[in-house]
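Undergrad: Submitted below is the structure of interest, expressed as structure tokens.
The values are calculated or read from the model by the stated rules, or taken from the named source; none is laboratory data. Model, not experiment: these values are computed from the prediction. Virtual Cβ from ideal backbone geometry, glycine too; neighbours counted across all protein chains shown. SASA here: full protein model, heavy atoms, side chains in, ligands and nucleic acids out. Shrake-Rupley method; radii C 1.70, N 1.55, O 1.52, S 1.80 Å.
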Amino acid sequence: MNAPHETRPGIRSAMLIDGQWRQAASGETFAVFDPATGQEIAHVPTGAAADVDAAVASARQAFRSAAWRGMLPAQRERLLLKLADLIEQHADELARLETLNNGKLLAFAHGLDVGGSAQWLRYMAGWATKIDGQTFQISMPFPPGTRYNASTRRAPVGVVAAIVPWNFPLLMAVWKIAPALACGCTVVLKPAEETPLTAIRLGELALEAGFPPGVLNILTGDGVAGAALVAHPDVDKVTFTGSTEVGRLIGARCGQDIRRVSLELGGKSPVIVLDDCDPATAIQGASAAIFFNQGQVCTAGSRLYVSRRHFDHVVEGIAKVADAMVLGSGLDPASQMGPLVSARHRDKVVGMIATSRREGA
């Protein structure tokens, strides 16, 4: 929609393309909500094909530029380390922004999402100076007496389209951009429609760290923008974390185009409690596995297999843990579980519960 609106002070609401903050070519925006209250906290640009073209062109130009292509690996390493330092310096702000936009508990946002992002940047920064090739001798017997040597050299792929989900917006963004930038690629990052705010802030910090314009672009929008990005002929690699349904579509398109692709999709992870397991430990472990981050985790322990010996005890124990949990805003220190990310997702979960009851649960 395109309507008069106000964005909460301190929250930027624009896309980052070629080092510049822009609105969508169409002028359209969409609302971003605080899932704990349902209140609008920002409007961000609704990116579409024209904006994808601009972002990819910016990334391609940056990839070819002397400022980035000619940069020494140790210089890329320093930039990533600087970005890690900036994330730590703004840890409180980033954690609160993540909780405000995603709903997760503030302590988890601070320790895992923000702390993990800084750690991952530092780890990948070290790889910038350790990417090497091989030289070896080939046993080619003809013509007699001739010796052959072969060598390999690792080169950056080019423009990487990185599409991230809403459950760990900042951490997933950093997981994708850090290795790409360490290798010398350029990136167009598309955050989830529900949770774009920390990605935008990450773009601000990347500019502050000194990354050249166009090396990291932040494209906001819905599935239309994502589809245009995946299909863009000047994207060399697609990396996607999200639903299996969308992953199938992306995989099929990349297969059709013979394009490099990495997919991390939904899981159905089992928790197995055997006879020799301590039931109290199993109760705590299984509860944490399914309730962490409101269950919005691709590796959540969403299937539970318990031996007959412990079945009743473990099931009753997990039910007691659930009954005792304090629900509320992720910004409230008393909360033990925050809200689901959106009304749409809440309705989907409620629908699954209704289906389960109809089927005998």
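Undergrad: Take every DSSP beta bridge with both residues inside the chain and express the antiparallel ones as a percent of the total, to the nearest 5.
TA: 40 percent
Undergrad: If you don't mind, another one. Which one, Thr239, Ala288, Thr195, is farthest towards the positive end of the dipole of region 183-323 when Lys and Arg carry +1 and Asp and Glu -1 on their Cβ?
TA: Of the listed residues, the answer is Thr239.
Undergrad: In whole Å, what is the distance between the alpha-carbon centres of region 189-259 and region 12-77?
TA: Centre-to-centre (Cα) distance: 10 Å.
Undergrad: Roughly speaking, what is the centre-to-centre gap between region 274-342 and region 89-112 when only Cα atoms are used, to the nearest Å?
TA: One Cα centre to the other: 22 Å.
Undergrad: Which number do you get for Rg(Cα) / (2.2 N^0.38 Å) in the chain?
TA: Compactness ratio reported: 1.13.
Undergrad: Please report, in whole Å, how far the alpha carbons of region 85-203 spread along each principal axis, starting with the longest.
TA: Extents along the principal axes: 72, 25, 19 Å.
Undergrad: What does the accessible area per residue of region 173-212 come to in Å², with a 1.4 Å probe and no ligands, DNA or RNA counted?
TA: 19 Å²
Undergrad: For the pair Thr244 and Phe311, what calculated FRET efficiency results from E = 1/(1 + (r/R0)^6), where r is the Cβ-Cβ distance and R0 = 35 Å, to the nearest 0.05?
TA: Calculated transfer efficiency: 0.70.
Undergrad: Distance in nm between label sites at Lys320 and Asp132, each 7 Å beyond Cα in the beta-carbon direction?
TA: Between Lys320 and Asp132, the simple spin-label model gives 5.8 nm.
Undergrad: Taking R0 as 45 Å, what's the FRET efficiency between Asp275 and Tyr148 from their Cβ-Cβ distance, rounded to 0.05?
TA: 0.15
Undergrad: If you don't mind, there's one more thing I want to ask. Mind scanning Lys130/Lys237; Lys104/Lys320; Lys130/Lys268 and naming the pairs with a C-alpha gap bigger than 31 Å?
TA: Lys130/Lys268
Undergrad: Give, in whole angstrom and from largest to smallest, the semi-axes √(5λ) of the equivalent ellipsoid of region 29-109, with λ running over the eigenvalues of the Cα gyration tensor.
TA: They are 32, 23, 7 Å, listed from largest to smallest.
Undergrad: Tally Lys/Arg at +1 and Asp/Glu at -1 over every other residue whose Cβ is under 15 Å from the Cβ of Gly351; what's the total?
TA: +3
Undergrad: Note down the magnitude of the dipole of the chain about its Cα centre, charges +1 on Lys and Arg C-beta and -1 on Asp and Glu C-beta and zero elsewhere, to the nearest 20 debye.
TA: 1220 debye
Undergrad: If I take the Cα coordinates of region 247-361 and project them onto the principal axes, what are the three extents in Å, biggest first?
TA: Cα extents, longest axis first: 53, 37, 32 Å.
Undergrad: How large a share of the accessible area of region 65-176, in percent, is made up of carbon and sulfur atoms when the probe is 1.4 Å and the other protein chains stay in place?
TA: About 58 percent, which is the carbon plus sulfur part of the accessible surface.
Undergrad: Explain nothing, just the number: relative contact order of region 283-349, from Cα pairs under 8 Å at least 6 residues apart, as a whole percent.
TA: Contact order relative to length: 29 percent.
Undergrad: Summing Lys, Arg as +1 and Asp, Glu as -1, what charge do residues with Cβ under 13 Å from the Cβ of Ala289 carry, Ala289 excluded?
TA: Within the 13 Å Cβ shell, the charges total +2.
Undergrad: Let me ask something additional. Quick one: 3J(HN,Hα) in Hz for region 23-40, Karplus 6.51/-1.76/1.60 with θ = phi - 60°, rounded, Gly and Pro as x.
TA: 8, 5, 4, 7, x, 7, 9, 9, 7, 10, 10, 8, x, 6, 10, x, 7, 6
Undergrad: Also: Express in nm, to one decimal, how much length is gained between Gln284 and Glu359 on full extension, taking 0.36 nm for each residue of separation and deducting their alpha carbon distance.
TA: 24.2 nm
Undergrad: DSSP beta bridges in region 86-224, what fraction antiparallel, as a percent rounded to 5?
TA: Just about 40 percent of them are antiparallel.
Undergrad: Could you sort Lys82, Lys348 by accessible area so the largest value comes first, with the probe set to 1.4 Å?
TA: Descending accessible area places them as Lys348, Lys82.
Undergrad: Rounding to the nearest 20 debye, state how big the charge dipole of region 51-114 is about its Cα centre with +1 on each Lys and Arg Cβ and -1 on each Asp and Glu Cβ.
TA: Its charge dipole is roughly 400 debye.
Undergrad: Less than 15 Å Cβ to Cβ from Ser26, Lys/Arg counted +1 and Asp/Glu -1: what total charge do the surrounding residues give?
TA: My count for the surroundings of Ser26 gives -3.
Undergrad: Can you give me the relative contact order of the chain as a percent, contacts being Cα pairs under 8 Å and 6 or more apart?
TA: 20 percent
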